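*Asks:* Dropping the structure in here first, questions after.
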Amino acid sequence: MIRKITLILCLLVFGMAGFAQINFEKDTVPKIYVDQASFDYSSKNQLTNSSVDAKDTLFTWTRVLEDIPATWETAICDQTTCYPPELSTKDLILKQGDFFDFKVNFYPYNTAGCGKAKIVIQSKVNPSNKDSFYTEVCSFDAAASVKDVKTTVNLYPNPAKDFIVVNTSITGLYTVNIYDILGVLKLSKGISSGNSLDIKTLGKGVYILRIEGDANATKVFQKQ
């Protein structure tokens, strides 16, 4: 009798372990249509650690698919930080029973089109404990202005610590505005192409540099 009870308990434990895992609330986030003039759009999906193993708290997320228009950019956001397009994988800690809104931020930069992304998250303790989700965002309305298309901007270093050098196809002086990921203006300065921009006052994180005026261009960078 005792052996039968023990066997039943073991089966229950293994059964619970089979169903309990790291999981996104949705396998696919329904396609979203946004105004291309939107500064950005966050595709949110709740991530929960339902594991029965209290030690199963270290996970890795990976971008396994990113298909976006050439002028778009994305950022992946966990509980505390948003990471730039250059970062394709990152570890995160999520305690047993905890959850948060995992985000894929799309930056259409006033350009019509559709962007797709797929994220996989996997336990580093138990590789079979994993999940994924797919999301797609489409921006609508007229195509970007001719000046937006013809104006290019490059900056370095990226990531940056104390300064960035901004190179553009614009001649003469122009205004550079730097926004945080919430769209709050953090820095504004008039410079010429090839000039350096002091960013020591910015906190660590992801920022959007935008040249605004008669000609427009945008770039995402990370401050270390």
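*Asks:* Take L92 and tell me if it is within 24 Å of C138 (Cβ to Cβ) and either β-branched (V, I, T) or part of a strand (DSSP E or B) (or both).
*Replies:* no
*Asks:* Which ones in region 66-89 are without any contact (Cβ under 8 Å) to a residue 60 or more places away in the chain, farther than 11 Å from A117 by Cα and part of a strand (DSSP E or B)?
*Replies:* Within region 66-89, just T89 meets the criteria.
*Asks:* Something else: Just a yes or no: is a residue in region 133-145 touching a Cys at 6+ places or on another chain (Cβ under 6 Å) and either within 24 Å of K223 (Cβ to Cβ) or at pLDDT below 80 (or both)?
*Replies:* Checking region 133-145: not a single residue is touching a Cys at 6+ places or on another chain (Cβ under 6 Å) and either within 24 Å of K223 (Cβ to Cβ) or at pLDDT below 80 (or both).
*Asks:* Hey, another quick one. Which of the residues spanning region 95-132 are hydroxyl-bearing (S, T, Y) and assigned to a loop (DSSP other than H, G, I, E, B)?
*Replies:* Y109, T111, S128
*Asks:* Among (1) within 12 Å of the chain's Cα centre (by Cα); (2) more than 23 Å from N154 (Cβ to Cβ), which single condition is E86 missing?
*Replies:* (2)
*Asks:* Restricting to region 183-222, give me the number of residues that are in contact (Cβ under 8 Å) with a residue 60 or more places away in the chain and within 20 Å of S42 (Cβ to Cβ).
*Replies:* Residues in region 183-222 being in contact (Cβ under 8 Å) with a residue 60 or more places away in the chain and within 20 Å of S42 (Cβ to Cβ): 9 in total.
*Asks:* Also, I was wondering about something else. Do we find a residue being in the same structural domain as Q46 (by TED's automatic domain parsing), among the β-branched types (V, I, T) and closer than 26 Å to V52 by Cβ anywhere in region 92-109?
*Replies:* Yes.
*Asks:* List the residue pairs whose Cβ atoms are under 7 Å apart, where the first residue sits in region 158-182 and is in contact (Cβ under 8 Å) with a residue 24 or more places away in the chain, the second is hydrophobic (A, V, I, L, M, F, W, C) and surrounded by fewer than 15 Cβ atoms within 10 Å (Cβ to Cβ), and the two are 6 or more positions apart or on different chains.
*Replies:* Correct list of pairs: N177/L185; Y179/L185.
*Asks:* Search region 52-80 for residues being modelled with pLDDT under 90 and hydroxyl-bearing (S, T, Y), and hand back the single one that is farthest from R210 (Cα to Cα).
*Replies:* Within region 52-80, the match that is farthest from R210 (Cα to Cα) is T80.
The values are calculated or read from the model by the stated rules, or taken from the named source; none is laboratory data. Just so you know, these numbers come straight off a predicted model, no measurement behind them. Note that we place each Cβ from the backbone using ideal geometry, even for glycine, and neighbour counts take in every protein chain shown.
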